[in-house]
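The values are calculated or read from the model by the stated rules, or taken from the named source; none is laboratory data. These figures come from a predicted structure and were not determined experimentally. As a convention, Cβ positions derive from the backbone with ideal geometry for all residues, glycine included, and neighbour counts pool all protein chains shown.
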Amino acid sequence: MPGILHLLEITGSRHTIILPEGERMKGNEQVINQLNARLAEELTAINQYFVHAEMCENWGYKRLHDMIFKRSIQEMKHAEKLIARILFLEGVPIVSKLNKLQIGSKIPEMHTNDQAAELAAIRGYNESIRLATEAGDNGTRELLNSILKEEEEHIDLIEAQIDQIGQMGVQNYLVEQID
Ligand SMILES: [Fe+2]
Ligand SMILES: [Fe+2]
C-alpha cells in the first residue's frame with residue numbers, strides 16, 4: 001500500500017529505522033550472485049565432509065570423525081549466514097545447487113580432497129570480498145571476511161593432518177585416530 005512506512009528493526013539494537021516504502025535495502029546483483037556461488041560451495045562442503053566423517057566413524061576412527069563432523073557443522077553455519085545475508089539484500093538464496101562432491105576412498109585422499117575444497121573456498125571468498133568492497137557493500141565484506149578466517153583455520157588443520165601422515169606414516173597416524 002503506498003504511503004505506508006516500513007519499520008525495519010535492527011537486531012540487538014534499540015534503534016529503529018523508518019524507511020518510506022520502496023526504499024528497502026536492496027543488494028547489488030553481482031554481490032548476490034557471489035553470495036550464491038559461495039553458498040553452493042558451502043552446501044557441497046557440508047555434504048562432502050559429512051560423508052567423510054561418517055566413513056571415519058564406520059572405520060572406527062573416532063577422533064577423525066569428530067574433527068571432520070565439526071567442520072561440516074561449521075560449514076552449515078556459514079551457509080546459514082550466507083542465506084540470511086542474501087535474504088537481507090532482497091535476493092533469492094539458491095539452495096538446490098551442489099558442485100561435484102570429491103569423496104576420498106582412503107583417509108589421505110579425504111584430506112587432500114578437503115584441502116582442495118578449502119583452497120577453492122578461500123579463493124572464492126577473497127574474490128567475493130574484492131567485489132563486495134568494489135560495490136561499497138561493507139556489511140557483506142565484513143561477513144565474508146569472518147567466514148574466510150574460519151576457512152583458513154580449516155585448511156590449517158587439514159594441512160597439519162597431511163604433514164603428520166608425511167612425518168609418521170599413514171599407519172601410525174591412523175592408530176592415533178582410533179580414540
Ligand atoms: Fe565454509
Ligand atoms: Fe571450510
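Of the candidates A53, A116, the single residue that is more than 30 Å from R24 (Cβ to Cβ), touching a Phe, Trp or Tyr at 6+ places or on another chain (Cβ under 6 Å) and either surrounded by 22 or more Cβ atoms within 10 Å (Cβ to Cβ) or not hydroxyl-bearing (S, T, Y) (or both) is A53. Inspect the range 134-154 for any residue being under 22 Å from K62 (Cβ atoms) and either away from ligand 1 (no atom under 13 Å from the Cβ) or within 17 Å of the chain's Cα centre (by Cα) (or both) and give the result as yes or no. Taking every residue of the range 134-154 in turn, at least one turns out to be under 22 Å from K62 (Cβ atoms) and either away from ligand 1 (no atom under 13 Å from the Cβ) or within 17 Å of the chain's Cα centre (by Cα) (or both).
Residues checked against (1) more than 16 Å from K81 (Cβ to Cβ); (2) charged (D, E, K, R); (3) touching a residue at least 40 places away in the same chain (Cβ under 8 Å):
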{"residue": "N138", "(1), (2), (3)": "no, no, no"}
{"residue": "I147", "(1), (2), (3)": "no, no, yes"}
{"residue": "H154", "(1), (2), (3)": "no, no, yes"}
{"residue": "A160", "(1), (2), (3)": "yes, no, no"}
{"residue": "D163", "(1), (2), (3)": "yes, yes, no"}
{"residue": "E176", "(1), (2), (3)": "yes, yes, yes"}
{"residue": "D179", "(1), (2), (3)": "yes, yes, yes"}
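Applying the condition of being away from ligand 1 (no atom under 16 Å from the Cβ), assigned to a helix (DSSP H, G or I) and touching a residue at least 60 places away in the same chain (Cβ under 8 Å) to the range 33-73 and asking which residue is nearest to the chain's Cα centre (by Cα) yields L64.
A single entry from A160, A117, A121 fulfils the requirement of being within 14 Å of R71 (Cβ to Cβ) and out of contact with any helix residue (DSSP H, G or I) (no Cβ under 7 Å at 6 or more places or on another chain): A160. Scanning the range 111-145 for residues that are hydrophobic (A, V, I, L, M, F, W, C) and in a helix (DSSP H, G or I) yields A116, A117, L119, A120, A121, I122, I129, L131, A132, L143, L144. Scanning the range 74-110 for residues being of a type outside the set (V, I, T) and either modelled with pLDDT under 95 or not in a helix (DSSP H, G or I) (or both) gives a total of 14. What do you reckon, is Q171 touching a residue at least 60 places away in the same chain (Cβ under 8 Å) and more than 22 Å from the chain's Cα centre (by Cα)? Spelling it out, it is not the case that Q171 is touching a residue at least 60 places away in the same chain (Cβ under 8 Å) and more than 22 Å from the chain's Cα centre (by Cα).
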